[in-house]
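Asks: Would you mind keeping the following structure in view while I ask a few things?
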Amino acid sequence: MEHLSDHGLLALVGRGDREAFARLYDMYGGAAYSLALRIVRDRDLAADVVQNTFLAIWTQARTFDSSRGQPSTWILTMTHHKAVDMVRREERRRAEPLDDAPAALDPEPPVEHQAWLGVAREQIATALARLPDPHREVIELAYFAGYTQSELAERLAVPIGTVKSRTFAAMNALRDALAALGMRPEDEWNTSTS
Amino acid sequence: MEHVDELIAGHALRALSSEDEERVVVHLAECERCRRRLRETEAVAASLAYSVPQMAPPPELRSRVLAIAEPVVAAPAAEAPAVEAPARPGRPRPRHGWWPRVSLVAVPAMALALGAMVVWNVSLRNDLDSSRDDFAHGAAVALPGVGNVVAQTDGNATLFAHLRRAPAGKTYEAWVIRGTVALPAGVFEGGGTVELELTQSAKPGDKIAVTVEPKGGSRKPTTTPIATSRSV
């Protein structure tokens, strides 16, 4: 089990392998919870998001198309979408999403992949910091605060066309900034092999 | 063909309007170049997940998640409570067989989905191959966790569902998914096996989905489907 790639693990999960499912949770449960918590800002809701996400993984793993990319991207994309949907339903979006996590949430070291996650976090934070402010702003407001592009246009007082083009430019800039740091997300988000 | 690069960026951030979202989905269905672009963009977006402070999940969350995959024995649907108290850290969680652990979920839709897991697990053991069936007229199409749909060549389709009764104020609703449009196809309450003739005909390529909706049903889905069939 330890030597399996994420693709291998997910294939086993698709066949109903509970041990592989537990392994997948141990690998990505922390990242999923951290992301969900950053978005919904509530421990219980974040736990609900993670539970929903892993239910979807358990039920949909056998239909995962490995040609579509890394399982980690799939898992974290699902987590993000469910968290954004949750925050929109709960109207818990915070006015200042650019802040770091609330101080009341004491960070604890993840059990697994601590070193890898630490390096990744530092590099991605560096890449984000290199973006022009308008680019970073649109990414963070959309990704972490769950604003739609229409809402962003209103909040930023710019035409929606500007929001769309700015989002496009921002994601390209982030990809380039990550590449400049030697990171290619499409290839690398697989903690089991790092 | 006009590509949709700008919208793909918004799609990856889940920030598009429903109109733009539909435009992207329709385009992606026929454009390999943009699907590749989406894969790249989603990977970049997912990288943002690692930029947040890493927090240890509550230990009980692991138990809740792993309970999803536990082998289960189906309890009589009529005896199962429609919705139980949410699972919250620190709350006593008595265990009587499998049911309390599976049903102690946070939202009604989750409870229903987990209830559906009972059927799914049993059907997985008994009929794994048939659960992989693609949509085929005249043949049973699996709705994982819910049951099956049988579509006839004339478009008439019947849903066979095995779900617990919907919670108070809620109902199940079936949908025919045609492209990016969800057509309402009938509501039912669950509670044992239900046979529902869909009010919407199903054509080759359509998918069938089931959602949990407010009592009386909705004109458009308001929740994530608890099950969606595959199509060819």
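Asks: Can you tell me which condition A:A36 does not meet? The list is (1) at pLDDT below 95; (2) in a helix (DSSP H, G or I); (3) within 11 Å of chain B (Cβ to nearest Cβ), and all the others hold.
Replies: Looking at each condition in turn, A:A36 falls short on (1).
For (1) in a helix (DSSP H, G or I); (2) crowded, with 21+ Cβ neighbours inside 10 Å; (3) not assigned by TED's automatic domain parsing to the domain that holds B:A182, each residue gets a yes or a no:
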position	(1), (2), (3)
B:A15	no, yes, yes
B:V26	yes, no, yes
B:R36	yes, no, yes
B:E42	yes, yes, yes
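Asks: Take A:A145 and tell me if it is outside any helix (DSSP H, G or I) and more than 7 Å from every other protein chain (Cβ to nearest Cβ).
Replies: For A:A145, the condition - outside any helix (DSSP H, G or I) and more than 7 Å from every other protein chain (Cβ to nearest Cβ) - is met.
Asks: Then there's this: Could you check, for the range A:63-77, whether at least one of its residues is among the aliphatic types (A, V, I, L, M), assigned to a helix (DSSP H, G or I) and either in contact with a Pro (Cβ under 8 Å, 6 or more places away or on another chain) or more than 9 Å from chain B (Cβ to nearest Cβ) (or both)?
Replies: Within the range A:63-77, not a single residue is among the aliphatic types (A, V, I, L, M), assigned to a helix (DSSP H, G or I) and either in contact with a Pro (Cβ under 8 Å, 6 or more places away or on another chain) or more than 9 Å from chain B (Cβ to nearest Cβ) (or both).
Asks: Which residue pairs have Cβ atoms under 8 Å apart, sit 6 or more places apart or on different chains, and have a first residue in the range B:187-205 that is over 19 Å from B:P167 (Cβ atoms) and a second that is assigned to a loop (DSSP other than H, G, I, E, B) and of a type in the set (V, I, T)?
Replies: Within 8 Å, the pairs are B:P204/B:V232; B:G205/B:V232.
Asks: While we're on this one: Inside the range B:44-56, can you point out the residues that are buried (at least 17 other Cβ atoms within 10 Å of the Cβ) and not in a helix (DSSP H, G or I)?
Replies: Matches in the range B:44-56: B:V52, B:Q54, B:M55.
Asks: Out of the range A:16-33, which residues are more than 7 Å from chain B (Cβ to nearest Cβ) and free of Cβ contacts under 8 Å to residues at least 24 places away in the same chain?
Replies: Scanning the range A:16-33 gives A:D17, A:E19, A:A20, A:R23.
Asks: Looking at the range A:5-33, which of its residues are under 14 Å from B:I68 (Cβ atoms) and not in a helix (DSSP H, G or I)?
Replies: A:G16, A:D17
Asks: Name the residues in the range A:173-187 that are assigned to a helix (DSSP H, G or I) and buried (at least 16 other Cβ atoms within 10 Å of the Cβ), would you?
Replies: Within the range A:173-187, A:A173, A:L174, A:R175, A:A177, A:L178, A:P185, A:E186 meet the criteria.
Asks: Output the number of residues of the range A:45-76 satisfying the condition of being of a type in the set (D, E, K, R) and under 22 Å from B:V44 (Cβ atoms).
Replies: Number satisfying all stated conditions: 2.
Asks: Which condition from (1) buried (at least 21 other Cβ atoms within 10 Å of the Cβ); (2) modelled with pLDDT of 90 or more; (3) in the same structural domain as A:A20 (by TED's automatic domain parsing) is the one that A:V87 breaks?
Replies: Of the numbered conditions (1) buried (at least 21 other Cβ atoms within 10 Å of the Cβ); (2) modelled with pLDDT of 90 or more; (3) in the same structural domain as A:A20 (by TED's automatic domain parsing), the odd one out for A:V87 is (2).
Asks: Failed condition for A:E154, given (1) modelled with pLDDT under 95; (2) surrounded by fewer than 18 Cβ atoms within 10 Å (Cβ to Cβ), with all others met?
Replies: Single failed check for A:E154: (1).
Asks: Please pick out the residue among B:A78, B:A82, B:A74 that is more than 7 Å from chain A (Cβ to nearest Cβ), modelled with pLDDT under 90, assigned to a helix (DSSP H, G or I) and more than 30 Å from A:L178 (Cα to Cα).
Replies: Going through B:A78, B:A82, B:A74 in turn, just one is more than 7 Å from chain A (Cβ to nearest Cβ), modelled with pLDDT under 90, assigned to a helix (DSSP H, G or I) and more than 30 Å from A:L178 (Cα to Cα): B:A78.
The values are calculated or read from the model by the stated rules, or taken from the named source; none is laboratory data. Since the structure is predicted, the reported quantities are computational estimates derived from the model, not experimental observations. Using ideal geometry, Cβ is built from the backbone for each residue, glycine included, and neighbour counts are taken over all protein chains shown.
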